[in-house]
Amino acid sequence: MTKGINTEINELLAMRYCAAELQLFNPNKVNSATNGINASHARGRGMDFDEVRRYQAGDDIRLIHWPLTARSGKAYTKVYHEERERSVYLLIDQSSSMRFATKVAFKSVIAARIAALLGWAALAQHQQVGGVVFDELGAEYIKPRRSRQSLLDVFNLLTYPRKNRQQGGLANSLQFILRQIQSGSTVIVLSDFCSLTSEAEEYLRLIAHKCELINLLVYDPLEASLPDRGIFSFTDNGSARLEIGDTLQTKERYAEPFAKRVDHLRNLSRQNRMQFMTLATNDDLAAVLKAGVNRSGK
């Protein structure tokens, strides 16, 4: 029985129906760069009408709203959304630290399911979808396209990793994506961020300066806290064994590393205008995504 241990492509394909109600890549303008998971459009001349506002020096006189200008006696101009396709890059961590769970499925499987939800939602909103599937040994890149096949290529990498791959790891994958993205893209990192180094942080900052960046931290409930009662044994492939009791002091010491990791990533995201949210392996993934990303400053 491998359900929850290995990613299954049929499950990723079925996520299409779960993603049908998700409006994660809203084509409408978003006022804040840090509220929710909706992607905002740049403004400029195009076919998608946005609003009418007072004429400003330098505005294209061809866009003057003549009827309103004549009625009011003051010059008004029309504003349009800029027409351009948005590229969504999914960075999906499949490292050894992600192959752990006590609830529902491995973090690596949950990350794949989240990527499927986001990918289907992006395609439904006419976005280009691609990205990188990586572990500590290697990585594989799928160029974003507004095509179902590009998402299927990502799914194939999640279920059948290739052998001839580029250099892996979080930092290397971020560095690679930094070279690929264009202004206006959206980059979504799905990871437990156990391998977050100062080098990886710098690449996150550079990406966030160039485009929209969303950090989704995937975790298992046991990482956050021990259950209320019991003595717990941990092994490392049978070669080492650690027993932890259920005293209050022990529980606090156990929970501290995870809490620090979450706080550090939250602060990094807030300070650099990145979006951030956490997803547990036993969460209702579609419901949590629909609720949106934690708001900066909250």
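Among the listed pairs 143/210; 3/107; 107/143; 3/290, a Cα-Cα separation exceeding 21 Å is found for 107/143; 3/290. Packing, as the average of other Cβ atoms within 10 Å across residues, places the peptides 207-219, 137-149, 9-21 in the order 207-219, 137-149, 9-21, highest first. Excluding same-chain neighbours fewer than eight residues apart, the aspartates and glutamates reachable from residue 78 by a Cα-Cα span under 15 Å are 48, 50, 51, 59, 60. Here the 3J(HN,Hα) profile of the range 64-77, calculated from phi with Karplus coefficients 6.51, -1.76 and 1.60 at θ = phi - 60°, is 5, 7, 5, x, 5, 4, 5, 6, 8, x, 10, 6, 10, 10 Hz, Gly and Pro shown as x. How far apart, in nm, are the 7 Å Cα→Cβ label points at residue 74 and residue 146? Going by the 7 Å Cα→Cβ label model, 3.7 nm.
All of the numbers you see were taken from the coordinates with simple rules; none came from a lab. Because the structure is predicted, anything quoted here is derived from the model rather than measured. Methodologically, a virtual Cβ is constructed for each residue, glycine included, from the backbone with ideal geometry; neighbour enumeration extends over all protein chains shown.
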